[in-house]
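Read the structure below first, then the notes.
The values are calculated or read from the model by the stated rules, or taken from the named source; none is laboratory data. What you see is a predicted model; the values in this text were computed from it and never measured. FYI the Cβ positions are ideal-geometry reconstructions off the backbone, even for glycines, and counts take in every protein chain you see. Side chains are part of the model used for accessible areas, which takes the heavy atoms of the whole protein and leaves out ligands, DNA and RNA. Shrake-Rupley method; radii C 1.70, N 1.55, O 1.52, S 1.80 Å.
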Amino acid sequence: MTDPILKFKNQVAIVTGSSSGIGKACAVHLASLGAKVVVNYSSNEEEGKKTLDEILAAGGEAILVQADVSHEEEVKALFNQTISHFGRLDILVSNAGLQKDAPFLEMTLQQWQKVIDVNLTGQFLCCREAARQFVLQEENVEEPQHSELAVGKIILMSSVHDVIPWAGHVNYAASKGGIMMFMKSISQELAPHKIRVNSVSPGAIKTPINKEVWSDPEKYKDLLQLIPYKRIGTPQDVAKAVAWLASDDSDYVNGETLYIDGGMTLYPEFADNG
Ligand code: BGC
């Protein structure tokens with residue numbers, strides 16, 4: 001029987017964008033469950049190192065690798081370093097993402113492009129490398145285990161804005177809407193290889209990306225109007241769901257989007273209206 005506490009023992013996970021926020025919580029949580037974790041950052045080495053140190057201090061195993069997920073060569077280098085250090089890959093948490101908000105009438109091509117490059121193309125590049133590695137590992141197995149369980153797990157970071165339109169953030173909403181169909185399509189294509197692909201769609205989670213909202217008492221009050229559960233989410237709320245999707249407990253779950261949003265997608269404004 002596998003140790004239920006170390007459910008990812010001998011498994012290797014890459015978590016992109018794990019220098020802060022949800023990515024950091026995913027990296028720390030997976031490591032606490034026994035995974036060997038590749039902590040990735042794009043530009044903030046100091047924060048990346050903090051994630052690494054937190055994992056190591058708790059007795060976990062991890063390395064720190066810089067890569068901007070929107071650059072193909074850097075993504076390839078990230079995966080190469082993972083394989084040369086840990087020898088294999090079992091889990092990809094394709095998390096790295098950002099916002100560049102602007103009213104639509106004023107949005108520059110640069111603001112549009114940057115968000116699409118990181119949030120959508122970046123996830124394409126990382127998922128493709130992970131899937132190639134999973135297929136390669138299966139082909140090279142000397143004695144196939146004939147296990148019924150998935151041989152590779154991919155979890156994409158989407159958002160409630162893959163279904164909730166978001167004025168003033170159309171680049172971000174378009175990138176996450178794109179993630180929804182990208183995830184479903186590769187899930188359909190990769191399932192015969194015993195690779196599972198799912199998304200998580202967080203609502204308002206207390207991270208640096210939306211600090212402007214939760215750090216201002218007035219804006220925070222307004223935000224709670226959008227959350228039936230009446231609290232902002234924590235990065236750990238998301239990390240626990242990601243760990244479940246990465247584990248064999250969800251082995252028959254494929255191509256799904258799991259909303260972790262305290263009910264934000266339930267049209268809360270209709271609770272006493274309409
Ligand atoms: C965004 C946050 C926002 C949340 C709910 C997330 O995807 O990154 O800035 O608070 O959606 O609107």
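For the set T234, T257, the ranking by accessible area, highest first and with no ligand, DNA or RNA atoms included, is T234, T257 under a 1.4 Å probe. Here the stretch 182-245 is treated with +1 on each Lys and Arg Cβ and -1 on each Asp and Glu Cβ, and its dipole about the Cα centre works out to around 240 debye.
For the chain, which whole-number percentage of the solvent-accessible area (1.4 Å probe, protein heavy atoms only) is attributable to carbon and sulfur atoms?
Of all accessible area on the chain, carbon and sulfur atoms account for 54 percent.
Ordering A67, L92, A27 by the projection of their Cα atoms onto the charge dipole of the stretch 12-270, which places +1 on the Cβ of Lys and Arg and -1 on the Cβ of Asp and Glu, puts A27 at the extreme positive end. If you take the charge dipole of the chain about its Cα centre, with +1 on Lys and Arg Cβ and -1 on Asp and Glu Cβ, which of F8, Q188, C126 is farthest toward its positive end? About the Cα centre, the residue reaching furthest to the positive side is F8. Its Cα centre serving as origin, the chain has a Cβ charge dipole (Lys and Arg +1, Asp and Glu -1) of approximately 260 debye. Separation of the stretch 24-95 from the stretch 239-268 is 22 Å, based on Cα centroids. With helices as the sole contributors, the chain gives -12500 deg cm²/dmol at 222 nm; each DSSP H run of n ≥ 4 counts as -39500 (n - 2.57), and the sum is divided by every residue.
Taking the Cα centre of the stretch 2-109 as origin and assigning +1 to Lys and Arg Cβ atoms and -1 to Asp and Glu Cβ atoms, the resulting dipole is close to 440 debye. Here the extension length gained between D216 and D248 equals 7.5 nm, from 0.36 nm per residue of separation less the Cα-Cα distance.
Set against the 2.2 N^0.38 Å expectation for a compact globular protein, the stretch 12-270 has a Cα radius of gyration ratio of 0.98.
Placing unit charges on each Cβ (+1 for Lys and Arg, -1 for Asp and Glu) gives the stretch 141-274 a dipole about its Cα centre, and among A246, V160, S199 the Cα reaching farthest toward its positive end belongs to V160.
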